[in-house]
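The values are calculated or read from the model by the stated rules, or taken from the named source; none is laboratory data. Small disclaimer: the values here were computed from a predicted structure and weren't measured. Virtual Cβ from ideal backbone geometry, glycine too; neighbours counted across all protein chains shown. Each accessible area value is taken on the protein alone, full model and side chains, heavy atoms only, with ligands, DNA and RNA left out. Shrake-Rupley method; radii C 1.70, N 1.55, O 1.52, S 1.80 Å.
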Amino acid sequence: RIPIQAAGVAIDVGVHIGISRFPQDSRDADALLKYADVAMYVAKRRGGLFEMYDAALDEYTLRKLTMVSELRAAIGTPALSLHYQPQVNLHTQRAESAEALLRWKHPTLGVVSPGEFMAVAEATDLIQPLTEWTIVEALSQIRRWHQRGLAVRVAVNLSARILQDTAFPARLRTLIEASGIKPRQLELEITESAMMQDSARALGVVRQIHDLGVMIAIDDYGTGFSSLAYLRDLPVHALKLDKSFVMNARTREDDRVIVQSTAQLAHALGLQVVAEGVETEWEAQYLREAGYDFGQGYHYNRAIPAAECFLWMQKFNAAAASAAAELQPLPAAEFRQTAARSR
């Protein structure tokens, strides 16, 4: 077959057919269409031209199909919400940013794993409205926190699909301008693997985002297979080392080598470096000594609702300010008076 050319991209179109039978599979027309859809997804997964509906293969695929329509309906409702995980400056000991993480509380399934429903979104056209809703909500939360005296940056993850959308930067500009938030208060996190899909196109999108003034970080650094040339050419401000290297640093020397070399590389390139998966005080201290700028993980807090995160960051930063004040040397005049009284 010949690829279709669209907006400078060669799109390879394939066909997969799902078949359901009347009356063997069902006597209901709606059910037959749903079962045919299930069989079609099985054909796509197996790479074949067609598949007959088989109830034994139904459970996961039917759940996935149901989830698509229900996730679409959940956008903009209380069923979807953002939780925020604080990111702590390892040198000032202040919470200066947070990562926004999507949560979905399904009416019958309960809390659905983000890994499951995001995979559904990325496989359909849902990823665009879901991403934009997340950005709008994060921008609104930044504004609300700022109005209450808490100035922090919020990070949002971008999928590989969004990095292939050349119209996304223009829509992002509109969302930021409507929010009244300074672009640098928003950070977008991209993965190395996302850059591997039509890298030239993705690089163009990332550069347009950077031109808006939005901060960009490479997430899960160390788990992808991209060339260091991407690190050199991408207009990013930070690397986020994957948590797998941090969590084993105390017991594995090779992980410690990766932790330290990543910090050295990032700083040599003028980038900040963030460690995910910080779960103990030992890890926090080790990362600080290794030169890491920020830490994120359960040692500080899990991802929590916005109101809870606001109170936690306020309390955490107040404690940091108090500790810093106790360590400040007394002014010379005050020191002389104190010394005189002690005599």
- Message: Residues that are of a type in the set (A, V, I, L, M) and either over 25 Å from the mean Cα position of the chain (by Cα) or at pLDDT below 95 (or both): does the range 304-319 have at least one?
- Response: yes
- Flag if Leu265 is closer than 22 Å to Thr223 by Cβ and in contact with a strand residue (DSSP E or B) (Cβ under 7 Å, 6 or more places away or on another chain): no
- Message: out of contact with any Asp or Glu (no Cβ under 7 Å at 6 or more places or on another chain) and modelled with pLDDT under 95: is that true of Ala73 in this structure?
- Response: yes
- Of the criteria (1) open to solvent by less than 30 Å² (accessible area, probe 1.4 Å); (2) under 19 Å from Ala155 (Cβ atoms); (3) touching a helix residue (DSSP H, G or I) at 6+ places or on another chain (Cβ under 7 Å), which one Gln208 fails: (1)
- Which ones in the range 172-187 are open to solvent by 60 Å² or more (accessible area, probe 1.4 Å) and either in a loop (DSSP other than H, G, I, E, B) or within 14 Å of Pro129 (Cα to Cα) (or both)? Gly180, Lys182
- Tell me, which residue of the range 100-124 that is among the charged types (D, E, K, R) and out of contact with any Lys or Arg (no Cβ under 9 Å at 6 or more places or on another chain) is surrounded by the fewest Cβ atoms within 10 Å (Cβ to Cβ)? Lys105
- Failed criterion for Ala55 (all others in (1) farther than 24 Å from His106 by Cβ; (2) among the aliphatic types (A, V, I, L, M); (3) at pLDDT below 80 hold): (1)
- Kindly list, by first and then second residue, each pair from a residue in the range 70-95 that is among the aliphatic types (A, V, I, L, M) to a residue that is open to solvent by 70 Å² or more (accessible area, probe 1.4 Å) and at pLDDT below 95, limited to pairs with Cβ atoms under 6 Å and residues at least 6 apart or on different chains. Ala79/Lys105
- Message: Checking Val156 against (1) at pLDDT 95 or above; (2) open to solvent by 10 Å² or more (accessible area, probe 1.4 Å); (3) in contact with a helix residue (DSSP H, G or I) (Cβ under 7 Å, 6 or more places away or on another chain); (4) of a type outside the set (D, E, K, R): exactly one of these is not met. Which one?
- Response: (2)
- Query: Residues in the range 236-273 that are of a type outside the set (A, V, I, L, M, F, W, C), open to solvent by 20 Å² or more (accessible area, probe 1.4 Å) and in a helix (DSSP H, G or I): how many?
  - Reply: 9
- Number of positions in the range 135-149 that are crowded, with 17+ Cβ neighbours inside 10 Å and under 23 Å from Phe294 (Cα atoms): 6
- Filter the range 123-153 for residues that are touching a helix residue (DSSP H, G or I) at 6+ places or on another chain (Cβ under 8 Å) and among the polar types (S, T, N, Q); which is farthest from Gly180 (Cα to Cα)? Thr124
- Query: Just a yes or no: is a residue in the range 32-49 over 38 Å from the mean Cα position of the chain (by Cα) and either within 19 Å of Thr124 (Cβ to Cβ) or part of a loop (DSSP other than H, G, I, E, B) (or both)?
  - Reply: no
- Would you check if there is a residue in the range 294-301 being more than 14 Å from Ala98 (Cα to Cα) and part of a helix (DSSP H, G or I)? no
- Does the range 1-14 hold any residues that are loosely packed, with under 10 Cβ neighbours inside 10 Å and either in a loop (DSSP other than H, G, I, E, B) or modelled with pLDDT under 70 (or both), and which are they? Arg1, Ile2, Gln5, Ala7, Gly8, Ile11, Asp12, Val13, Gly14
